[in-house]
Amino acid sequence: MKAWKLDSVGNINFYENVPEPALAPDQVLVKVKACGICGSDVPRVYKNGAHKMPIIIGHEFSGVVEKTGDPVDKELIGKRMGIFPLIPCKKCPACLSKKYEMCSNYSYLGSRTDGGFAEYAAVPKWNLIELPDNVSFEQAAMLEPMAVAVHAMRQLELDSDDSVLVCGAGTIGQLLIMFLLDRGIKKVYALGNKEFQKKTLLDIGLPEEHYFDIKSGDAKAWVKEKTSGLGADAYFECVGRNETAEQGFGMVKAGGQLCLVGNPAGDMTLIQGDYWKILRKQLRIRGTWNSSYLGDDPEAEKDDWHYVLKSLAAGNIHPEKLITHELQLSELEKGLLVMRDKKEDYIKIMVLP
Ligand SMILES: [Zn+2]
Ligand SMILES: [Zn+2]
């Protein structure tokens, strides 16, 4: 089969003749139909490498079951599937309490074991989520970032008349805004700094007067004006920088909530004044990581993946609006370079094998 392999840091190669993956009894062979490039793939390829190399990267993918490791599962053949990329150990304390996203000994499709930038991938049966007919493969390849956004949203206790600030309009920030609006929260406000990101935000339903370009003036004064001088009820930090985290402590009202979503670009430090704000305003600060997925558990309907799939199937959510590039499998490197060099505008780059 055709596949991209990260052979070593900075050395990613397209091969025409990689052997199809062999299947364990609990795995199926998925013919990949769409695979998104994640922001984390860029440092994985060009800076830090993966946990094991060579490896086929790509963890945001969907496809059709073509073969099963165990003949007992043959009714899965031909089914359209989304894929939860984390493979939990199912033995550690987090796994035993079904918080698989916090597993301390996990494997991961596309970073610890072969993933989706290939014609085929071996996927454990447990990691498959069946797609309703009206959900496209491209939408399903965005289940993972959408579930990450929903997981962040559900970390905070939000009311429909709360004022909610989202700082950062990359993929996760945009998807988070989509889900907040879908939840009926009208007072969603976005802080961004790129004109093309603003365009998609308006396209997904954010009112223009709810967007502020941080370079254009005093964001703090703007937030004050929007919240009748009180500050916001909640703040989502989707950038991962010191300035944008610390700005949140000032922008929320007393008793407000903050959710830290963005992966930190470097050390995060707190000056005394911000520390005081946390104490005096009795702020509630939550972290968020990954997304909840319960596999074949009877409670699975409650996980983030089912939440997302339900909204998608109902036609309430349109993540495909964030797709700025569609590439063939052989063009993956072009997409990685767009994201690394930032010479072109992009939000989600999708590879369609
Ligand atoms: Zn990702
Ligand atoms: Zn575990």
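The values are calculated or read from the model by the stated rules, or taken from the named source; none is laboratory data. The structure presented is a predicted model; accordingly, all values stated were derived computationally and were not measured. Every residue, glycine as well, gets a Cβ built from its backbone with ideal geometry; the counts of neighbours run over all protein chains shown. All accessible areas refer to the heavy atoms of the entire protein, side chains included, with ligands and DNA or RNA removed. Shrake-Rupley method; radii C 1.70, N 1.55, O 1.52, S 1.80 Å.
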message = Please verify whether Asn316 is of a type in the set (S, T, N, Q) and not assigned by TED's automatic domain parsing to the domain that holds Ile87, treating the condition exactly as stated.
response = no
message = So Trp305 passes all but one of these: (1) open to solvent by 40 Å² or more (accessible area, probe 1.4 Å); (2) not in a loop (DSSP other than H, G, I, E, B). Which condition number does it fail?
response = (1)
task = Could you please let me know if Val164 is at negative phi, in a strand (DSSP E or B) and touching a residue at least 40 places away in the same chain (Cβ under 8 Å)?
result = yes
key: Verdict on Glu20 being of a type outside the set (A, V, I, L, M, F, W, C), under 14 Å from Ser330 (Cα atoms) and surrounded by fewer than 20 Cβ atoms within 10 Å (Cβ to Cβ)   = no
remark   = For region 193-222, pairs from a residue that is assigned by TED's automatic domain parsing to the domain that holds Leu181 to a residue that is open to solvent by less than 40 Å² (accessible area, probe 1.4 Å) and of a type in the set (Lys, Arg), with Cβ under 6 Å and 6 or more apart or across chains, are Tyr211/Lys198
message = Looking only at region 220-250, filter to residues that are under 18 Å from Asp159 (Cβ atoms) and part of a strand (DSSP E or B); which one of those is most open to solvent (accessible area, probe 1.4 Å)?
response = Asp233
Residue in region 104-124 that is nearest to Glu16 (Cα to Cα), counting only those that are touching a Pro at 6+ places or on another chain (Cβ under 6 Å) and away from ligand 1 (no atom under 16 Å from the Cβ) = Glu119
task = Search region 167-185 for residues being within 13 Å of the chain's Cα centre (by Cα) and assigned to a loop (DSSP other than H, G, I, E, B), and hand back the single one that is surrounded by the fewest Cβ atoms within 10 Å (Cβ to Cβ).
result = Gly170
